[in-house]
Amino acid sequence: MNEIIGIILATIICWLNFVIVDTYFGLPEQPGVEGARIIGESIKKRNGDIAGGFFQGNILCSPDASAGTLIASIGYLLLGIPGGIIAAFLVFIGNRLCADPGYAGTVGSLTATILIFIFSFVGLTPEMFIVGMVIAILTIQGIDQVRASIILGKIADKFNRHAEE
């Protein structure tokens, strides 16, 4: 498969994986770890969506599905499916160290491992998923936090996971 097309597809798959998993596990509803509330409120003050701000704060302060997807992609590259499972275990430990009560990162690692395996049959490589996940994280955290928070807030509404203001 063409590398550029592969990276674009992997980015879309990674973005959907981590946003759906993190939203399902309630990251937009409330700050789950220290620091997430400060980030959410800062984004809201800049006319962003509080739910999207909490989502961004939670993924910044604890290994959630975004980190889980990236670490699983690296683990899969190194060791195949066992590498993805080891990544899920490491993310689980990271969540406990951050006093994160959720399991979004662990589930995100496992779903990423499954997705990498499935899409390997159409030519997507773990390397494409690594690059794709970095790009996906950049779209949520690095380019425009306010606009990203609004998109995340709309997704949270669809999942009925929007923060109570």
| Is it fair to say ILE74 is in contact (Cβ under 8 Å) with a residue 12 or more places away in the chain and closer than 14 Å to SER149 by Cα? | no
| message | Can you tell me which condition ALA99 does not meet? The list is (1) open to solvent by 60 Å² or more (accessible area, probe 1.4 Å); (2) under 25 Å from GLU34 (Cβ atoms); (3) under 14 Å from the mean Cα position of the chain (by Cα), and all the others hold. | response | (3)
| Is there a residue in segment 33-47 that is of a type in the set (A, V, I, L, M, F, W, C), in contact with an Asp or Glu (Cβ under 7 Å, 6 or more places away or on another chain) and not in a helix (DSSP H, G or I)? | yes
| field | Of the criteria (1) surrounded by 24 or more Cβ atoms within 10 Å (Cβ to Cβ); (2) at pLDDT below 95, which one THR113 fails | value | (2)
| Breaking point among (1) at pLDDT below 90; (2) closer than 14 Å to GLN141 by Cα; (3) among the polar types (S, T, N, Q), for GLN30 | (2)
| remark: If we keep only residues of segment 121-165 that are small (Gly, Ala, Ser) and exposed (fewer than 15 other Cβ atoms within 10 Å of the Cβ), then the residue nearest to PRO28 (Cα to Cα) is GLY142
| task | Please work out if SER109 is more than 17 Å from ILE71 (Cβ to Cβ) and either in contact (Cβ under 8 Å) with a residue 60 or more places away in the chain or not charged (D, E, K, R) (or both). | result | no
| request: For segment 65-92, name all the residues that are within 24 Å of ARG37 (Cβ to Cβ) and either among the polar types (S, T, N, Q) or surrounded by fewer than 24 Cβ atoms within 10 Å (Cβ to Cβ) (or both). | output: SER66, PHE92
| Leading residue by the ranking (surrounded by the fewest Cβ atoms within 10 Å (Cβ to Cβ)) among those in segment 14-64 that are on the phi > 0 side of the Ramachandran plot and touching a residue at least 60 places away in the same chain (Cβ under 8 Å) | ASN47
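The values are calculated or read from the model by the stated rules, or taken from the named source; none is laboratory data. What you are looking at is a predicted structure, and each value in this text was computed from that prediction instead of being measured. All Cβ positions, glycine included, derive from the backbone under ideal geometry; neighbour counts span all protein chains shown. Just so you know, the surface numbers come from the protein's heavy atoms only, side chains and all, with ligands and any DNA or RNA stripped out. Shrake-Rupley method; radii C 1.70, N 1.55, O 1.52, S 1.80 Å.
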